[in-house]
Amino acid sequence: MPEHSVPARLADRTTLRLGGPAAALVTAATEDEIIAAVDALDAAGTPLLVLGGGSNLVVADEGFDGTVVALGVPDRDAVTVTEESGPDDHHVEVTVAAGVVWDDLVARAVAEGWVGVEALSGIPGTVGATPIQNVGAYGQEVAQTVRRVRVWDRRLRGVRTFDAADCAFGYRTSRFKRDRFDAAGGRHVVLSVTFGFARGELSAPVAYAELARSLGVEVGASAPLAEVRAAVLGLRRGKGMVLDAADHDTWSAGSFFTNPVVDPALVPEGAPAYPQPDGTVKTSAAWLIDHAGYAKGYPGDGGTVSLSTKHTLALTNRGGAATSELLALAREIRDGVLERYGIELENEPVTLGCQL
Ligand code: EPU
């Protein structure tokens with residue numbers, strides 16, 4: 001049975017270290033526990049939040065008048081591996097419980113010679129969260145290796161399995177992000193994710209120029225898996241994107257805004273521009289923020305929040321901050337970029353009980 005406990009300060013469970021209390025908290029590790037907890041709460045009409053690593057979440061100071069279902073890692077069957085041999089290649093199919101820590105899976109993949117997530121090293125949070133926003137970094141995204149996602153559908157009250165083609169993956173989005181159950185939560189609770197990895201010692205072709213430079217290879221070339229992991233961790237550390245309790249630059253939710261995808265005419269001279277298949281262009285939110293006058297370290301009123309001193313796209317808690325202060329800084333930046341460039345930034349993290 002799930003373990004029940006007293007009300008929890010969500011600030012203790014988010015990487016921003018912000019957020020008031022939840023009315024109640026339940027820990028669920030196995031599929032049966034997650035389903036039992038979610039279905040009982042839905043039957044009672046109690047709002048719920050399924051919480052993994054808390055690394056992409058902004059919670060209101062008022063907290064959450066509902067129950068947090070905190071994912072634990074099951075002891076057994078957390079990761080199951082099936083080898084697949086074809087005439088010319090060798091693959092592995094790996095099914096991972098939602099509560100497994102994402103970077104533990106990446107570290108294992110690199111050690112085992114499973115190719116396809118090495119560039120996603122050092123990302124905080126749990127495996128179950130990764131298909132929801134199609135986690136991506138350094139030229140990879142989970143949509144490239146996810147084969148199936150097993151969920152609890154809160155509306156149909158049953159377990160469903162979505163093939164990758166039915167997940168509607170896009171840049172930082174999927175059907176799991178779009179399909180809502182209510183204001184607090186999504187319709188689908190991810191139970192496990194099945195990945196298909198090629199076996200090998202070399203990485204997938206390196207698709208991010210900054211990573212290729214740091215590895216000393218051309219874009220499109222490969223490098224040993226462990227070297228790619230080390231290089232990505234180094235780049236992420238340099239940007240304050242690897243959690244470190246002693247470093248306030250990492251008291252963040254990662255990128256606070258998504259990179260805007262806009263009409264080419266809107267992209268300012270000199271800004272990064274990545275043409276999309278449909279004729280639009282993805283540009284850099286960090287660049288827009290920087291050039292609109294918000295440099296690294298730019299402080300909010302009161303000085304308890306600021307842009308990261310290592311990257312303009314991360315909003316950080318310098319200690320003792322309130323969510324209201326973080327949101328005020330976020331609004332100032334969004335409004336400043338809109339005024340300067342006519343581009344409206346959208347927040348990337350999930351908000352609970354508050355909005356920009
Ligand atoms: N830049 C600035 N100022 C800065 C930092 C960056 O002007 O302080 C400009 C530079 O021109 C730089 C460009 O922004 O070349 C892009 O920066 P970066 O390579 O760090 O990537 P990003 O677009 O800011 C995205 C993801 C990150 C991911 C990195 C690496 C989004 C919203 N963010 O950031 O993901 O780690 O690429 O692939 O797509 C996250 O989603 O939480 C996250 C950290």
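The values are calculated or read from the model by the stated rules, or taken from the named source; none is laboratory data. Since the model is a prediction, treat every value here as computed from it, not as a measurement. We place every Cβ from the backbone using ideal geometry, glycine too, and count neighbours over all the protein chains shown. Side chains included, ligands, DNA and RNA excluded: accessible areas come from the protein's heavy atoms. Shrake-Rupley method; radii C 1.70, N 1.55, O 1.52, S 1.80 Å.
Within region 228-248, which residues are within 21 Å of GLY320 (Cβ to Cβ), more than 11 Å from the ligand (Cβ to nearest atom) and open to solvent by less than 40 Å² (accessible area, probe 1.4 Å)?
ASP247
Assuming CYS167 fulfils every condition listed in (1) within 14 Å of the ligand (Cβ to nearest atom); (2) open to solvent by less than 20 Å² (accessible area, probe 1.4 Å) apart from one, which condition is it?
It fails just one condition, (1).
Test each condition in (1) more than 16 Å from the ligand (Cβ to nearest atom); (2) surrounded by 24 or more Cβ atoms within 10 Å (Cβ to Cβ) for PHE162 and report the one that comes out false.
Result: PHE162 passes all but (2).
For region 112-145, enumerate the residues that are closer than 14 Å to LYS177 by Cβ and either aliphatic (A, V, I, L, M) or open to solvent by 40 Å² or more (accessible area, probe 1.4 Å) (or both).
Answer for region 112-145, where residues must be closer than 14 Å to LYS177 by Cβ and either aliphatic (A, V, I, L, M) or open to solvent by 40 Å² or more (accessible area, probe 1.4 Å) (or both): ALA129, ILE132, VAL135, GLU141, VAL142, ALA143.
Hey, which of the strands (runs of 3 or more DSSP E) in region 1-96, taking only ones fully inside, have at least 2 residues that are open to solvent by 50 Å² or more (accessible area, probe 1.4 Å) and within 16 Å of ALA183 (Cβ to Cβ)?
Correct list: empty, since no element meets the threshold.
Output the residues belonging to region 199-216 that are open to solvent by less than 40 Å² (accessible area, probe 1.4 Å) and among the aliphatic types (A, V, I, L, M).
ALA204, VAL206, LEU211, ALA212, LEU215
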